[in-house]
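Let me begin by presenting the structure, written as structure tokens, before commenting on it.
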Amino acid sequence: MSLTAEREWPPLEDHLDPPEITRYERQEFERLEAPYADPEHGDFHFRLNRLLATHLAEGYVGSVDLKTRVAEGSDFASDTCIRKDGDDPRTGVRYLEELVFEIVSKRSLEDTDRRARAFAERGVRRQIAIFVQEGEVREWSSRSNGWKRLDPRRSLRDPCLAHPLPVSALLDATEAEVAMARALEAKGNPAIADMKQQNALKGEARGRAEGEARGRAIALLTVLAARGFEILDPERQQILATTDPETLDRWLQRAATADSLDEVLGE
């Protein structure tokens, strides 16, 4: 049995302070006011939530600023977290967070470490932090008691996620958009599937039209050659590059009686 299971923990939602307009948290019984986000933090937080929403695996839910009683004297919230949907039958309340995300812009490293240790001791399985100033994504390691930098070329894989989450998408808005689209496609999103089908149909129709135009162009070149016209490379390329069926049909009709190539291709 693990140390977490042996220890008697307070219920997750047995908060040390009642809900208030001004948010408070507790760290080792010390009451701290949780400040509202500045743009640097809030913008990253907004993008993170959108990104994670598209990657959620079936049976999991995400929450923002979900306050958790992490210890006897500590009661605070992660920026964003993912946990199993429903209630834990062992406790009768929601499941503990499995995957926690923190955005570190102005919070001190000491405070960030202290929160990570508390979450890990409570049983949170994984913790990811986006260090805004450093432009890095790190994961908490209980073994080393510190943060390990994640390679931006790699992806996060986890049972909470339906599709691998590129680390670079946590830092870059464009990468996040791409990752969201790919995750929705992998999850079989009906809107994405419909767009793919429509594009495929358009591609097939375009392919048929291009094939028919190519056939008309070859037929025109054959007629011109049979009539003895000298076809130079510029004229040949002009004919082969033309895709409008009406233009090609008009040239074919002229080719039967025209006295010159200019008469065939002229306006």
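The label-point distance for Ser155 and Glu13, in a model that sets each label 7 Å from Cα toward Cβ, rounds to 3.5 nm. Pairs of alpha carbons in the range 74-124 separated by more than 16 Å make up 45% of all such pairs. Here's how it looks for Ala57: its modeled amide H is under 5 Å from those of Leu161, Ala162, which are all 5 or more places away or on a different chain. Val178 contributes an accessible area of around 60 Å² to the protein surface, as traced by a 1.4 Å probe with all chains present. The residues of the chain present an accessible area of 59 Å² per residue when probed at 1.4 Å with all protein chains retained. Listed values for the range 223-228 are Karplus-derived 3J(HN,Hα) couplings in whole Hz (6.51 cos²θ - 1.76 cosθ + 1.60, θ = phi - 60°), namely 5, 4, 5, 5, 8, x, and x replaces Gly and Pro. Just name one of Phe119, Ala176, Ile192: the one whose Cα is farthest towards the positive end of the charge dipole of the range 67-225 (beta-carbon charges, Lys/Arg +1, Asp/Glu -1). After comparing all options, I get Ile192. Taken along the Cα-to-beta-carbon direction at a fixed 7 Å, the label points for Glu134 and Glu263 span 8.1 nm. In a fully extended conformation the segment linking Ala34 and Arg208 would gain 56.4 nm over its present Cα-Cα distance, using 0.36 nm per residue.
Couplings for the range 115-132, taken from phi via the Karplus curve 6.51 cos²θ - 1.76 cosθ + 1.60 with θ = phi - 60°, read 5, 5, 4, 5, 4, 5, 5, 6, x, 4, 6, 9, 9, 10, 10, 9, 8, 5 Hz in order; Gly and Pro are left as x.
Just list whichever of Lys106/Lys148; Lys84/Lys106; Lys67/Lys187 have alpha carbons separated by over 26 Å in the model shown. Among Lys106/Lys148; Lys84/Lys106; Lys67/Lys187, the Cα-Cα distance tops 26 Å for Lys84/Lys106; Lys67/Lys187. To test your reading of the geometry: what angle, between 0 and 90 degrees and rounded to tens, separates the Cα axis of helix 39-55 from the longest principal axis of the chain? Helix 39-55 sits at roughly 70 degrees to that axis.
When only Cα pairs below 8 angstrom with a gap of at least 6 residues are kept, the chain shows a relative contact order of 12 percent. For the peptides 84-91, 214-221, the ranking by mean Cβ contacts within 10 Å, running from highest to lowest, is 214-221, 84-91. With Cα atoms as the point set, the radius of gyration and Dmax of the range 25-123 evaluate to 13.9, 40 Å.
Multiplying the residue separation of Arg227 and Lys187 by 0.36 nm and subtracting their alpha-carbon distance yields 8.5 nm.
Computed over protein heavy atoms with a 1.4 Å probe, the carbon and sulfur contribution to the accessible area of the chain reaches 50%. The candidates Glu6, Glu235, arranged from most to least accessible area with a 1.4 Å probe in the full protein assembly, appear as Glu6, Glu235.
Per-residue Karplus couplings for the range 157-171, computed as 6.51 cos²θ - 1.76 cosθ + 1.60 with θ equal to phi - 60°, are listed in order as 10, 7, x, 6, 10, 6, 8, x, 9, x, 4, 4, 5, 6, 10 Hz, Gly and Pro entered as x.
The values are calculated or read from the model by the stated rules, or taken from the named source; none is laboratory data. Keep in mind that this is a model prediction, so the values were computed, not measured. Heads up, the Cβs are rebuilt from the backbone with ideal geometry, glycines too, and the neighbour counts pull from every protein chain shown. When the accessible area is computed, the model is the full protein with side chains, heavy atoms only, and any ligands, DNA or RNA have been set aside. Shrake-Rupley method; radii C 1.70, N 1.55, O 1.52, S 1.80 Å.
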